[in-house]
Each structure stands twice: as structure tokens, then as C-alpha cells.
Amino acid sequence: MFKQIKLWMVILLFFSFFMGPQSSAITANQQDVPEPGQEVRLVKSQMVPMRDGVRLSIDLYFPQNAGKKLPVILIRTPYNKKGFRDKEKREEAYKFASHGFVVAVQDCRGKFESEGIYSPPAGQEAEDGYDTVGWLAQQTWSNGKIGTAGCSYPSEVQAAQAPLRHPNLTCMIPQNGPMIGAANGLYRYWSGFKGGVLDLAASISWYFDSASKYSFKPPPGLSDEEIHKIREFFDPGPSNLPKVDFEKLNWSLPLIDVMKKAGAPPNDWAELITHDFGDPWWHDVMGYYDGTEKIDVPALHMSCWYDPSVNETIFEFNYFRENAVSKRAANNQFLIVAPTTHCSYEKASKHTIVGERDIGDARLNYQEIYLKWFEYWLKGKENGITDMPKVRYYTMGSNKWRSSEVWPLPGVQYTKYYLHSKGDANSLYGDGWLSTEGPKEEPPDTFIYDPANPVPSVGGDRGTSYGTKAGAIDQTEVETRNDVLVYTTPALEKGIEVTGPINVVFYVSSTAKDTDFTAKLIDVYPDGKAFNIQEGILRARYRQGFTKKVWMEKGEVYEIHISLDATSNFFKPGHKIRVQVSSSNFPLFERNLNTGGNNYDETEWVKAENTIHHSIEYPSHIILPIIKDKTE
């Protein structure tokens, strides 16, 4: 959902990850683009009726002189389908059409040429996707088999539609955009919340740029022919948006007034930030999964280690298998996890740089995999695509593609690394250390969290709307702060592969009624560079579950659990494993104002004295999924 990347490249790069070096058809370093077979004819702005009478505009890309009924690849986008018409900038629709598919690119409801009112991120996307598949299947040029594709928001609309189980929806490639919601108990609606905390910077910029509820439209009732005559003369999407300094806007309080201050077009920002987790609105109106969904479509699930929704994509892969209503669907769920950032697979090269870290040659032949997937399911070509491993993932550090039939991997040893100090783990220069030995009677570590001076976000799973690259960035500058606790192992004698879900268990205290706690897993190089591998956050009020709020009392010790999603990283010999702890990661995440109030409607805050305990009674630790046969 955030900024749309070249969808064709995104998808292709996703595919690259899906086929590993031992795959019989494709080797790791191939970047060949399959030669197109036919010229392409574009039919613009067809108006497709939905069940409520609203018409959505769709462009159709046909292979020239096709003499038979053809399968269809559907891409639904809120980012203006006109962009796909520029073959020099967006070639995916033309490429797939040249290989014998009809490619249908549709403006989502209320966006650009489509009628209706837009309500992100799901709204009526499930029903609109279902109705569009039905319309495509009924056309005289269609063979009735429809596949879907797209990254980020165009992936979310696929996931939203899947539980409706249209009989003509034959396969999907959902990339970096699950709709899990409450289904896994983490309530990460819109990929915009983690640990109960709003994903601030990306949410503000996306809602400002892409979430306008309205576009200027022709009068209702015009025929397709009349619409075609005028479409070339109008660009109905929002224009003349004011220039906004997002780095400054991120600091604005109260949060509920941010869009008003920015001069944004009308959008659903207030709805997003004011609905409690578990409110029926998220499922009934927005369409997020609640755990009751049934699936009947083969899917190629794609994500990457530096994506905000990697945890949910992995869950979606298993969820589709476990909740399938047919063996066909259950046996044909596949997962690829790349080492890159959100929808940026095309950046893989001989020396793939993710943020600032060189993680080696992460290339694969994305385009061929993508084409083979659709040719198998939509054309019936026996090409071996379903013989590939169910799971393909890239291990950073060892810089290798690996495979498995399940996730989490079999034989994972979940190993506790305990936090230790003499009571002064503050900053890189403190006395914190990390080991597999449990703590003895050790003094706790305390720091002051001041919402006026939060720990700055550096790297991670989001973009550049706050002055930092996404991905792996040296954390040294952050670790010089006294409000950051640092715990590090000695240099490793043998390498350790960490592959799987990561969780921390902290025992905490605070002088505030409510505050946040953050954690980062770090790979420390021999030269001192400290690259972030994964991170997490938890709003303390949700420590007993995200649908209830429980305040803290001064002097009490509370057990909290923070998910750091998942990763695959090989910590080489001579490297160190580090855990970084604090109470803010701003503006990647909103600041907790520490009052115990709503946070979104407040302008005042209090400082919090926060404590991490590590002792025999309170053994704070991180749980690392270690692959024991890959430690050297």
C-alpha cells in the first residue's frame, strides 16, 4: 500500500525469490526476460458494473490477433491505472499480454476513473474484486480462468477477495500485502500497527498522498462511448496538493488533526487511528481477517525481511493452507521471502545492498517464475512450477537461498539469550551483555523516556519520509544515547544461523501509567558496524491482549512479550549478537505520551522512568530460532 513500485518488476523480483539455486529450471543468477510473443492492443476505460450499480474503470491489454479465448491477469490499484499505459515506465501489462494473457488493470472504487467513494484500505475491495472476476470470466474473449497479481495495496485487495472464493479465481500472487488483522492475535490492521502502536511516518505520508475519498467524475449514466470521448481530456484524481514537510509533520500533535494541518483531501485518517483493536469495524467494514475465513485458491505469497508485513505474509501462507476447502488449494500454497525492502525486489544485483549492508547476490529469475505460475494455472501448461519447494527464503550473512517444505523450519532450536548488566547497560558504552546463561541477582537497568526527545528511527522496514533509508543501517549513533540499553554477546567463535520467528520476554517497570517498550536484534560486525536485523514494539497497556487495556502502577514489575517478526540471518564467526532496548522508535512509530490517555487526541506528555529487570526472578531474554546444523 504505501508508494507503488513498478508492479511488474516487483512481482518479478518476488518470483526470483521463489526459485532457488537447486531448482531444476532456473539458476540463482539468471536475469533473462522471456521474449514476448505478440504485439499488444490496449482497450481503455471499460466501465465494469458492480453489484450496487457503481461502475469501475478497467483497461484491457490484449495480445494482438489472438484467435482463441484467453486467460486473464487482473491487477487492481488505487494508484491510477493510467500509469500502466506508459510502456517505457510500466511494462508489466504489455509483457504479460505479449505472452498470451489478457491483462486487466482496474482503478479501485472511488479512485481516478472509477465511480463511487473510496474507503481504504479494504472497504468494498473484496466484493468489487469478486464482481470484477465474474465480469472478466463472462467476456467472449475470456477462457474463464482469472489470476491476480500486485504488490502492497494491490496485494491487499487480493487477500481481501480470497475468502469470497469466486469459482473463476484460479490463482493469485499476493505480494507484501496480507489482510490478517485479528486472525493471528496481533491486530496489525493495514500493516499500520505493530504491538498496538501506530506506524506513524508511513501512515501519514500514505494517507496524505493516496487516500483521498473522492475524485471528480463525469455525470452518472454516461455510456461507455461517451466516457471514452472525454476520458483523454481529464485526470480526475487529486491535484495541486500542498507541499508538506513530512519530517516536521511527524511531530505534530494531536495526531487526529494531522491531515487537517497538512491540508490533505478528505480521507479516513480519523477512522484509522480511533477504532479500538477488535472493533467490528475492522472486519465488517474494512474486511480484515478475523480467523473464520476459508480459502480455495492457489497462491504464491511474497515478502521480504525488511517489510512491515513479513510476519503476516508468513502467517497468510500457513493460514491459506490450513483453512483451504480443497486439496488443490491446500497443496498449492508457496512462500518466498527475499532479503530486500518493501516491493523493491528489482534492486537485487550481484552485490545487493539493503540499506547499507551488502548481502550478496540475491538475484533470481523473477519474470520466468511469474510467467510459469500463470501459464500453469491459467493455460494448463505442465512446466514443473508446482514442484518447487513450498518455502524459499534468503539467509543474510551466508548470502544463500535456502528451501523448506514448512515454516517454521523443522528442527529449530529456540534458544534463550538472557540480558545481563551491573545496572548500567545504558548506551554502547555501558556494561550490558547477552548470554545463554540465566541471570543471577543483578541490578536492573533504568532509563528516562522523554516523548520530547524520542530515539530516532534508523533503517528498518519503512521508507525515507523521515530522513533514513529503509533496510539495514548502522545503529552506532542511536546506541550512544543513554535512553537506549545495549546487550551484546562476546565475539562468536562459531557462526550461528537464526532463521524463524523472534520474540522477547522482558520484565519491566515504569513510573508512567502506560508507556512503550522497543527491541531490536542487531548483527555487530568486527569493525563495530551494527546492522539492524529485526525490530519490535509493544504498548504496555496491551500486555494482556490487544482487546483490553491494563494500566501500570509505579513500583510493580510486569512481564511483557514483544514480537520481532521473523528473519534469516547468519551471524558469522567474529560477529556479535546484540539486543537494543528502549521505549521509542520515532517517527517509524508514534510516540507514547505516557499519560494513559487515547494518545491520538493529546498534546501534553509526561516523562517516564522505565526499567528492565534481569535477575533470577525476572529473567528478561530474547528467544532466537537457531538452526543447529548451520552454525559454522
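The values are calculated or read from the model by the stated rules, or taken from the named source; none is laboratory data. In this text, all values refer to a predicted model and were calculated from it rather than measured experimentally. All Cβ positions, glycine included, derive from the backbone under ideal geometry; neighbour counts span all protein chains shown.
List, please: which pairs have Cβ atoms under 9 Å, are six or more places apart or on different chains, and start with a residue in the range 312-328 that is under 14 Å from Y288 (Cα atoms) and end with one that is in a loop (DSSP other than H, G, I, E, B) and among the charged types (D, E, K, R)?
That search, which allows pairs on different chains as well, returns E312/R188; T313/D307; Y319/E293.
Name the residue, out of W251, W190, that is surrounded by fewer than 22 Cβ atoms within 10 Å (Cβ to Cβ), closer than 15 Å to E590 by Cβ and in contact (Cβ under 8 Å) with a residue 24 or more places away in the chain.
Of W251, W190, the one residue that is surrounded by fewer than 22 Cβ atoms within 10 Å (Cβ to Cβ), closer than 15 Å to E590 by Cβ and in contact (Cβ under 8 Å) with a residue 24 or more places away in the chain is W251.
Residue by residue through the range 260-289, note down the ones that are more than 30 Å from G545 (Cβ to Cβ) and either hydrophobic (A, V, I, L, M, F, W, C) or part of a helix (DSSP H, G or I) (or both).
Of everything in the range 260-289, those that are more than 30 Å from G545 (Cβ to Cβ) and either hydrophobic (A, V, I, L, M, F, W, C) or part of a helix (DSSP H, G or I) (or both) turn out to be K260, K261, A262, A264.
Please enumerate the residues belonging to the range 40-90 that are acidic (D, E) and more than 22 Å from K111 (Cβ to Cβ).
Selection gives E88 alone.
Out of L249, L255, L241, L198, which single residue is touching a helix residue (DSSP H, G or I) at 6+ places or on another chain (Cβ under 8 Å) and either modelled with pLDDT under 90 or in the same structural domain as D59 (by TED's automatic domain parsing) (or both)? Walk me through it before giving the result.
On the way: L249 fails: either modelled with pLDDT under 90 or in the same structural domain as D59 (by TED's automatic domain parsing) (or both); L255 fails: either modelled with pLDDT under 90 or in the same structural domain as D59 (by TED's automatic domain parsing) (or both); L198 fails: either modelled with pLDDT under 90 or in the same structural domain as D59 (by TED's automatic domain parsing) (or both).
Unique residue meeting the criteria: L241.
Could you say whether any residue in the range 177-184 is in contact (Cβ under 8 Å) with a residue 40 or more places away in the chain and out of contact with any helix residue (DSSP H, G or I) (no Cβ under 9 Å at 6 or more places or on another chain)?
Within the range 177-184 (the criterion being in contact (Cβ under 8 Å) with a residue 40 or more places away in the chain and out of contact with any helix residue (DSSP H, G or I) (no Cβ under 9 Å at 6 or more places or on another chain)), the answer is no, since none of the residues qualifies.
So in the range 330-369, with the set limited to residues that are part of a helix (DSSP H, G or I) and either in contact with a strand residue (DSSP E or B) (Cβ under 7 Å, 6 or more places away or on another chain) or not hydroxyl-bearing (S, T, Y) (or both), which one is surrounded by the most Cβ atoms within 10 Å (Cβ to Cβ)?
Filtering first and then ranking leaves Y345.
Quick one: I336 ticks every box in (1) touching a His at 6+ places or on another chain (Cβ under 9 Å); (2) at pLDDT below 95 except a single one, so which number is it?
Just one mismatch for I336, condition (2).
Against the conditions (1) over 28 Å from the mean Cα position of the chain (by Cα); (2) in a loop (DSSP other than H, G, I, E, B); (3) loosely packed, with under 15 Cβ neighbours inside 10 Å, where does G545 fall short? Just the number, please.
(1)
Quick check on my filter: what residues within the range 370-395 are assigned to a helix (DSSP H, G or I) and surrounded by 18 or more Cβ atoms within 10 Å (Cβ to Cβ)?
Answer for the range 370-395, where residues must be assigned to a helix (DSSP H, G or I) and surrounded by 18 or more Cβ atoms within 10 Å (Cβ to Cβ): Y370, L371, K372, W373, F374, E375, Y376, W377, L378, I385.
What strands (runs of 3 or more DSSP E) lie completely within the range 54-163 and have 2 or more residues being of a type in the set (F, W, Y) and in contact with a Gly (Cβ under 6 Å, 6 or more places away or on another chain)?
No strands (runs of 3 or more DSSP E) qualify here.
Can you find a residue in the range 313-323 that is of a type outside the set (A, V, I, L, M) and either over 21 Å from the mean Cα position of the chain (by Cα) or outside any helix (DSSP H, G or I) (or both)?
Let us first name the residues in the range 313-323 that are of a type outside the set (A, V, I, L, M), namely 313, 315-323.
Next cut, either over 21 Å from the mean Cα position of the chain (by Cα) or outside any helix (DSSP H, G or I) (or both) only: 322-323.
Yes, the conditions are met somewhere in the range 313-323.
Can you tell me which residue in the range 508-528 is surrounded by the fewest Cβ atoms within 10 Å (Cβ to Cβ), limited to those that are in a loop (DSSP other than H, G, I, E, B) and in contact (Cβ under 8 Å) with a residue 60 or more places away in the chain?
Within the range 508-528, the first condition is being in a loop (DSSP other than H, G, I, E, B), and the residues that meet it are 511-515, 525-528.
If we keep only those that are in contact (Cβ under 8 Å) with a residue 60 or more places away in the chain as well, we get 511-515.
Details: T511: 19, A512: 23, K513: 17, D514: 21, T515: 27.
Checked the range 508-528; the qualifying residue surrounded by the fewest Cβ atoms within 10 Å (Cβ to Cβ) is K513.
Residues in the range 340-361: is at least one more than 30 Å from L249 (Cα to Cα) and of a type in the set (A, V, I, L, M, F, W, C)? Before the answer, list the steps.
Looking only at the range 340-361, we keep the residues that are more than 30 Å from L249 (Cα to Cα), and these are 346, 348-352, 358-361.
Still in the list and also of a type in the set (A, V, I, L, M, F, W, C): 348, 359.
Yes, the range 340-361 contains at least one residue that is more than 30 Å from L249 (Cα to Cα) and of a type in the set (A, V, I, L, M, F, W, C).
Taking into account only those residues within the range 548-581 that are under 17 Å from Y418 (Cα atoms), over 20 Å from the mean Cα position of the chain (by Cα) and touching a residue at least 60 places away in the same chain (Cβ under 8 Å), which is surrounded by the fewest Cβ atoms within 10 Å (Cβ to Cβ)?
K576
Name the residue that is surrounded by the most Cβ atoms within 10 Å (Cβ to Cβ), counting only residues in the range 476-507 that are under 22 Å from the mean Cα position of the chain (by Cα) and under 30 Å from W251 (Cα atoms).
V504
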